[in-house]
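Coordinate-derived values only; no laboratory data. Predicted, not measured: the structure shown is a model, and the values here were computed from it. For neighbour counting, all protein chains shown are included, and Cβ atoms are generated from backbone atoms with ideal geometry for every residue, glycine included.
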Amino acid sequence: MNKLTHLDEKDRPAMVDVSVKPPMFRVAKAEGFIKLAPETVGLINGNQIKKGNVLITAELAGIQAAKKTSDLIPLCHPLLLSGVQVETTLLDDGVQVFSEVKCTGQTGVEMEALTAVSVALLTIYDMCKAVDKEMKLGGIRLVEKTKAVLPRANLKQEI
């Protein structure tokens, strides 16, 4: 079995040192789902939840969460994110949440994408808990992660 990367030689928690890794363009995509009662779906669809627009609020919460991931998860590197998209889709039986997070850096953005989805789902739960006691969160998963070498900058300068 491989050694866990977040443990030092004494098996103590340690942030992974990425200082020697070259910056790369990184993208991570995640998704999740919250199962809702049909009545709750109707209330969301009609924008009749008393706390406000559930889908827009959840998307905003997910974006904010992605930006704060390193504050929430121990040993997670703070990253300068270049893009965060959170999309909610109202279905007959609940809400599907999808996130895509991008950055140029030395470590991936999987945790940011997963955090965005998780907090968006929790926001939906919070906004609907007064009308739906049977909600179920699930299916939170990383869909895809990619990294690509950055194109070299044109180093010629005009004089």
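Please give me the summed charge of the neighbours of Gly108: other residues whose Cβ is under 14 Å from its Cβ, Lys and Arg +1, Asp and Glu -1.
Result for the neighbourhood of Gly108: +2.
Taking amide H positions as placed 1.01 Å from N in the peptide plane, with prolines and chain starts having none, which residues 5 or more places from Gly94, or on another chain, fall under 5 Å of its amide H?
The answer is Leu36.
Exposure proxy check: Leu91, Leu55 ranked by fewest other beta carbons within 10 Å?
Final ranking by Cβ density, sparse to dense: Leu91, Leu55.
Using the beta-carbon distance between Val149 and Gln64 and R0 = 30 Å, what value does 1/(1 + (r/R0)^6) give for FRET efficiency, to the nearest 0.05?
E(calc), rounded to 0.05, equals 0.50.
Any idea what % of Cα-Cα pairs in region 15-60 are farther than 12 Å?
Of all Cα-Cα distances in region 15-60, 76 percent exceed 12 Å.
Using θ = phi - 60° and the Karplus curve 6.51 cos²θ - 1.76 cosθ + 1.60, what whole-Hz ³J(HN,Hα) does each residue of region 68-74 get, with Gly and Pro shown as x?
10, 4, 5, 7, 9, 10, x
Find the Cα radius of gyration of region 69-156, compare it with 2.2 N^0.38 Å by division, and give the number to two decimals.
Output field value: 1.37.
For Arg26, Arg12, what ranking results if the residue with the fewest other Cβ atoms within 10 Å of its Cβ goes first?
Ascending Cβ contact count within 10 Å gives the list Arg12, Arg26.
Mind ranking 33-46, 109-122 by how tightly packed they are, going by the mean number of other C-beta atoms within 10 angstrom, highest first?
Output ranking for 33-46, 109-122: 109-122, 33-46.
For the chain, restrict the atom set to alpha-carbon positions and state the Rg and Dmax in Å.
My reading of the Cα-based Rg and Dmax gives 19.1, 69 Å.
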